[in-house]
Amino acid sequence: MRIDRSYQASFNENNQEFVIAGKLRPQSEAEIKPLADALAEALAKVRGTFYLNVKRLARLNNVAFRSIASLVSEISDARSDLRIEVVTSSVMGWSTRKFLPLAQRLPNVTVNEYDKDFYPGQSFLEDGGFIPILRNQTKLTWHHERHLLPRHGLKPGMTMADICCGIGDFAVLVQKELKPSRILALDHSRTSLDYARNVAADFGITDIEYVYGDASEMVIEDDQFDFVTCRHSLQIFDRPELILKELYRICKPGGRVYITNEKNSHCLGEPRSETIQWTYTEVAKLFADFKMDVELGPKSRRFLADAGFDDIRIDSFMVTNRDGDPQDFANMIQAWENVYAGEMARDRGDSPEFIARFRQGFQDHIYAALHPKGYAGWPIWAASARKPQ
């Protein structure tokens, strides 16, 4: 009999969680009897809630599903005291669709798509509202990062992954100017990835591999890339340590992970500095209410050290209205106002009076950026670290 070795299964008795990962494609139920036996044994040991975690199961054919579903049904019928929760992921959208009818039929079985609430700011990304922000941000930060990336270890010919790639313009610029041998660009937003493919096509670049995926549970093998980037992204996840764990995992030993993050309350402008300062302090509070931390920049060293990296390098730089056309800076601020005051503050339930004052700070920042004697700034922390060999 052929033994299917393309999957992994484990049971954590403390968490009452049975995890199946990889690919389950047996030709007969006999082929996965060891898995079915292990699952039955685990179910017999638990009380309360049993978690069947399939969020990293990349493939599941009907033979395997029937075997698992049959066992879950038997246990569900025999033990009304036991609640069974199937944990799926939106990245593996088929798994939710596959198991949902089982939950609808069995009263003590539920399906939990674990990452539906993991990205608290995802709704603002999915409707395309962030695209003008991201495009302007990359245009302004590239002025600095094109010089910083080699200092942080990126060299021509390296293999690179750009995780949480957004609209893909950063990966295109890296490919054009710094010449890695391979770039994989991954994001959790289909809207952003569609835009990224169009950006690459506009530049005539065809050798970037775009992947839809969850940065906290990537279906990418260990130790794959010399250089892994994750820009302006840890700050919009409620549990950035999960992302860093995955960045560490896919990086080769001796390779480097590069992250950028902000401290929004330190955005500045002159003239009208007081209203500008008030608004960006409120921006940080607004994001915190959505479980995001746009103050993360100076915390980068601690996060990287806690994740197990060494040889940590940190640079901070100020993107300003003097880096190029001041109108580009002003356009970025206007895009911030449109989303932060026009959508996020409204969705939080802020009063019209608060939103009017909130908007005024953005308008004053634009005024400072365009004033002939004005100065406007946006601080960024760029950090990288090595995965020990």
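The numbers here are math on the coordinates, done by the rules we state, and not lab data. Small disclaimer: the values here were computed from a predicted structure and weren't measured. Heads up, the Cβs are rebuilt from the backbone with ideal geometry, glycines too, and the neighbour counts pull from every protein chain shown.
Taking label points 7 Å from Cα along the Cα-to-Cβ direction, Lys23 and Gln327 give a separation of 5.2 nm. Between Trp94 and Arg66, the contour length at 0.36 nm per residue exceeds the alpha carbon distance by 8.6 nm. Look at where the Cα atoms of the stretch 28-44 and of the stretch 248-305 average out, and the two centres are 47 Å apart.
In summary, the chain shows an alpha-carbon radius of gyration equal to 1.12 times the 2.2 N^0.38 Å reference for compact globular proteins.
Listed by chain and number, the lysines whose C-alpha is less than 20 Å from the C-alpha of Lys263, apart from same-chain residues fewer than 8 away, are Lys139, Lys285, Lys291, Lys299. If exposed means no more than 10 neighbouring beta carbons inside 10 Å and the site is in a DSSP loop, what's the longest run of the chain without any exposed trypsin sites (Lys or Arg not before Pro)? Looking at the chain, 48-372 is the longest stretch - no exposed trypsin sites (Lys or Arg not before Pro) with at most 10 other Cβ atoms within 10 Å.
Only DSSP H runs of four or more residues enter the estimate; each adds -39500 (n - 2.57), and after division by the residues of the chain the mean residue ellipticity at 222 nm equals -13500 deg cm²/dmol.
Farthest towards the positive end of the charge dipole of the chain, among the residues Ser70, Val339, Cys267, is the Cα of Ser70, using unit charges on the Cβ of Lys, Arg, Asp and Glu. Axis of helix 273-289 versus longest Cα principal axis of the chain: the two differ by about 0°, to the nearest ten degrees.
Computed extension gain for Ile355 through Arg302, at 0.36 nm per residue and net of the alpha carbon distance, reaches 15.6 nm.
For Lys252, which lysines qualify as cross-link partners when the Cα separation must be under 23 Å and same-chain residues fewer than eight apart are set aside? Within the straight-line cut-off, Lys252 pairs with Lys155, Lys179, Lys387. With 0.36 nm allotted per residue and the present C-alpha distance subtracted, the Ala30-His147 stretch has 36.3 nm of extension available. For the chain, DSSP calls about 40 percent of its internal beta bridges antiparallel. For the stretch 161-202 and the stretch 55-114, what is the centre-to-centre distance using only Cα atoms, to the nearest Å? For the stretch 161-202 versus the stretch 55-114, the Cα centre distance is 35 Å. The Rg/Rh ratio of the stretch 1-104, with both radii computed over alpha carbons and Rh defined as the Kirkwood radius, is 0.93. A straight Cα-to-Cα reach below 17 Å connects Lys33 with the aspartates and glutamates Asp4, Glu41, Glu74, residues fewer than 8 places away in its own chain not being considered.
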